[in-house]
Amino acid sequence: MTSVGFVWKNLYRKKTRTFLTFFCLFIAFLLYVALGSIAVVFSIDTVSGELGANRLQTSAKYSMIDDIPKRYVDEITQLDGVEVVTHMTWFGGYYQEPSNMLVTFPVDPSTYFRIYRELEISDEHLTAFLETRRGMVAPIETVERYQWKVGDIIPIGSQIYAQKDGNRIWEFELVGFYTPQQEGMSAVLLQYDYFEEANAFGPGAVGWLTIEISDPQLAPELAQKIDSMYINSSDPVRTATESESNRQFLAQYGNITLMMSGILLAVFFTILLVCANTMAQAFRERIAELGVLKTIGFNDYKLGMWMLSEAILLSVLPAIFGVLVGMGLLIAVGSTGAAAMFIPTPPMSVLLSTAVSSLALAGALGVLVGAIPALSTTRMSIVDAMHA
Amino acid sequence: MAFIELTRVVKNYEKGSEVVHVLQDLNLSLHEGDFLALMGPSGSGKSTLLNLIGGIDQPTAGSVLVDGANLGNMSGSQLAKWRSETIGFVFQFYNLLPFLTAERNVELPLLLTNLGGSQRKENALTALRTVSLEDRAKHKPGELSGGQQQRVAIARAIVADPKILVCDEPTGDLDRQSAQEILALLETLNERFGKTVIMVTHDPLAAEHAKTVLHLDKGVLVESGQAEVSA
Ligand SMILES: Nc1ncnc2c1ncn2[C@@H]1O[C@H](COP(=O)(O)OP(=O)(O)OP(=O)(O)O)[C@@H](O)[C@H]1O
Ligand SMILES: [Mg+2]
């Protein structure tokens with residue numbers, strides 16, 4: 001047995017209590033990593049970054065799920081200050097199993113890649129996409145995950161759109177792939193022209209528009225102008241900058257960042273109490289024992305450090321598990337379909353900094369709750385301890 | 001100079017504004033290899049005296065010299081180190097750590113030495129063999145009888161090979177049979193291994209095992225030579 005072994009055994013002597021404390025902290029840190037990373041993603045604009053500043057997004061006024069007429073694309077393109085307009089439609093795609101969601105958009109290839117310059121595609125693949133009616137391009141990551149090859153015919157199921165014959169399993173030819181230079185935007189892209197012609201609902205509708213404008217300063221003015229153009233039509237729209245639009249979507253659920261901060265604060269206050277209580281109990285139970293150890297010759301400093309180490313282990317160990325599981329969950333959720341579009345896997349840098357800050361927080365928590373028992377251990381006289 | 005020499009020792013406890021005078025002007029000298037039984041009524045200051053000799057507590061006045069060391073001049077951490085090398089402690093209620101096996105309890109004082117893991121384990125087993133409890137090495141205190149626990153405690157006290165054993169009512173919580181075993185063990189340690197034993201006891205029969213018997217009454221020591229049965 002070593003000193004470390006001794007601290008370890010001490011930690012586990014009340015198994016149920018230690019387990020419950022561990023579990024409590026595990027959940028807290030799992031929440032912290034998951035919510036914390038997402039909150040960071042919301043507060044910094046990882047989704048669209050600087051590129052998003054001169055992009056507007058136009059969707060149906062009352063619900064993002066509603067369609068808007070395709071002719072809006074041409075009409076908006078006419079406006080002064082508008083450079084390019086492209087459109088996307090939510091296809092509700094999946095591969096093989098309905099549970100295996102794929103974010104899939106029928107798009108207009110030429111305008112789409114003109115706006116989304118952060119998606120790198122070779123000229124060869126872009127040309128092939130432009131020229132192949134049933135063509136499809138996918139992010140390199142998706143291509144690798146499913147081991148697709150350029151030239152493969154890929155069946156993509158749709159939760160929303162059937163073909164004219166009623167069949168919901170569509171077939172597309174993979175003509176290329178692209179490499180997103182930024183996290184977040186990665187969808188399987190289809191030729192809108194073909195989709196428009198083949199789908200059972202008929203032509204003329206798109207999901208939403210992305211508009212590139214010449215000057216970010218024009219954004220508020222243009223957004224208002226566009227909205228007023230259609231205000232009295234049967235399909236009114238709402239326009240916002242792309243980043244704002246992403247936030248608005250999430251704002252349906254409330255002020256997420258604030259809410260999460262509130263939850264996290266409450267959680268940490270609770271685990272602080274739980275941990276402090278565990279350590280205070282551990283200390284009280286051991287007063288006589290600590291007296292014996294001091295009598296035997298263990299010095300005050302060493303015993304105090306043992307107590308402190310125990311508190312730090314008590315908080316850091318479950319934090320490590322919580323952080324690992326939390327990161328795993330985020331990566332798993334981020335790579336499965338629909339959720340990925342609005343709750344993308346936070347970039348590795350965000351994940352890592354959240355992980356590091358969690359562990360630092362756990363360490364600080366350990367020091368905080370261990371300090372008093374450790375100091376009391378150091379100061380306690382043997383005679384008093386043995387009388388206790 | 002004697003092996004253990006207490007000169008004009010005074011010990012007071014301060015409780016708020018009230019001062020409790022426990023030991024007054026106490027002198028004591030013991031030679032190495034002695035086996036002292038310290039008797040006296042409850043509250044007479046026996047444990048207090050033992051704490052001073054064992055370097056757990058400091059006198060209010062006077063000097064305590066043990067094996068050449070002047071305990072009054074030592075800092076807390078110096079005393080801790082000195083205790084770990086010089087004194088083995090045995091308590092009335094064994095005071096083993098409940099979550100450690102007998103072997104690990106005995107090994108504990110060796111964590112303060114430079115011995116390696118396997119050497120510590122070997123020494124712990126040797127100490128357990130000395131108290132005839134090797135076969136219980138893997139048992140936790142809760143699985144042992146009182147007498148067995150006290151034998152483990154004695155193994156813990158001797159494992160670092162201290163010169164002095166300080167025992168505060170080591171048989172106080174045991175039946176006659178177990179008490180006899182413990183006393184025989186202390187006698188062996190005294191006679192065969194040359195340990196100086198200082199034992200507080202209320203039991204005249206226990207005191208019979210000692211070479212010297214002293215009575216403490218109201219903070220004053222009264223010598224009574226060979227143990228007299230005077231309950
Ligand atoms: N830490 C302390 N603070 C205040 N008074 C104390 C303290 N320790 C002991 N005393 C007092 O000192 C006196 C002697 O106590 P001590 O424990 O030495 O007695 P004892 O002879 O060992 O008694 P017993 O046979 O009951 O163990 C008692 O009056 C006790 O109340
Ligand atoms: Mg006593």
### Query
Which listed residue (A:PHE105, A:TYR72, A:SER158) has the Cα farthest towards the positive end of the charge dipole for region A:50-251, taking +1 on Lys and Arg C-beta and -1 on Asp and Glu C-beta about the Cα centre?
A:SER158
### Query
Which order do peptides A:5-16, A:304-315 fall in by mean Cβ count within 10 Å, highest first?
A:304-315, A:5-16
### Percent antiparallel among DSSP beta bridges (both partners in chain B, rounded to 5)
55 percent
### Query
If you count, for every residue in B:79-92, the Cβ atoms of partner chains within 10 Å of its Cβ, what is the mean?
3
### Task
Just tell me how shielded B:47-57 is by partners: mean number of partner chain Cβ atoms within 10 Å of each residue's Cβ, no decimals.
2
#### Entry: Distance between modelled label sites at A:ASP80 and B:SER118, nm, 7 Å Cα→Cβ extension
9.1 nm
### Task
Let me know the mean shielding of A:297-304 by other chains, meaning the per-residue number of their Cβ atoms within 10 Å of its Cβ.
6
### Summed residue charge, Cβ within 15 Å of B:LEU144's Cβ, Lys/Arg positive, Asp/Glu negative
-1
### Message
How much of the pair distance distribution for chain B lies past 29 Å, counting alpha-carbon pairs only, in percent?
### Response
27 percent
### Query
Can you count the Lys pairs in chain A whose Cα atoms are under 27 Å apart, with each pair 8 or more apart or on different chains?
11
### Message
Could you identify which residue out of B:ALA155, B:ALA184, B:ALA206 has the top mean-square fluctuation in a GNM of chain B using Cα springs shorter than 10 Å?
### Response
B:ALA184
### Query
How large is the dipole of chain B about the Cα centre if only Lys and Arg carry +1 and Asp and Glu carry -1, each at its Cβ, rounded to the nearest 20 debye?
620 debye
### Under 15 Å, Cβ to Cβ, from A:GLY5 - net charge with Lys/Arg +1 and Asp/Glu -1
+3
### Cα pair count fraction exceeding 24 Å, expressed as % - region A:50-251
40 percent
### Mean ellipticity per residue at 222 nm, deg cm²/dmol - from DSSP H runs of n ≥ 4 across chain A, formula -39500 (n - 2.57)
-17500 deg cm²/dmol
#### Entry: Ranked packing of B:80-86, A:354-360, B:156-162, most packed first, by mean Cβ within 10 Å
B:156-162, B:80-86, A:354-360
### Task
Compute the long axis of helix B:176-191 from its Cα atoms, compare it with the longest principal axis of the Cα atoms of chain B, and write down the angle in degrees, 0 to 90, nearest 10.
80 degrees
### Query
Setting aside same-chain residues fewer than 8 positions from B:LYS11, which aspartates and glutamates have a Cα under 19 Å from its Cα?
A:ASP384, B:ASP25, B:ASP57, B:ASP168, B:ASP217
#### Entry: Phi to ³J(HN,Hα) by Karplus 6.51 cos²θ - 1.76 cosθ + 1.60 over region A:187-192, Hz, x for Gly, Pro
10, 7, 10, 10, 6, 5
### Task
Grab the other residues whose beta carbon is less than 13 angstrom from that of A:PRO106, score K and R as +1, D and E as -1, and report the net.
-2
### Projected label distance in nm at A:GLN159 and A:ARG284, using a 7 Å step from Cα toward the beta-carbon
5.2 nm
### Task
Kindly report the accessible area of chain A per residue (heavy atoms of protein chains, probe 1.4 Å, no ligands, DNA or RNA), in Å².
46 Å²
### Choice from A:ARG284, A:ARG117, A:ARG145 with maximal GNM fluctuation in chain A (Cα, 10 Å cutoff)
A:ARG145
### Query
So what is the relative contact order of chain B, in percent, for Cα pairs below 8 Å that sit 6 or more residues apart?
27 percent
### Task
May I ask you to give the average projected area over all directions of the convex hull of the Cα atoms of the protein assembly as shown, in nm² rounded to one decimal?
40.0 nm²
#### Entry: Modelled FRET efficiency - R0 30 Å, A:ASN167 with A:ARG117, Cβ distances, 0.05 increments
0.25
### Query
Full extension from A:SER228 to A:ARG145: what is 0.36 nm times the residue separation minus their Cα-Cα distance, to one decimal in nm?
25.5 nm
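The values are calculated or read from the model by the stated rules, or taken from the named source; none is laboratory data. Because the structure is predicted, anything quoted here is derived from the model rather than measured. All Cβ positions, glycine included, derive from the backbone under ideal geometry; neighbour counts span all protein chains shown. These accessible areas exclude ligands, DNA and RNA; they are computed on the full protein's heavy atoms, side chains included. Shrake-Rupley method; radii C 1.70, N 1.55, O 1.52, S 1.80 Å.
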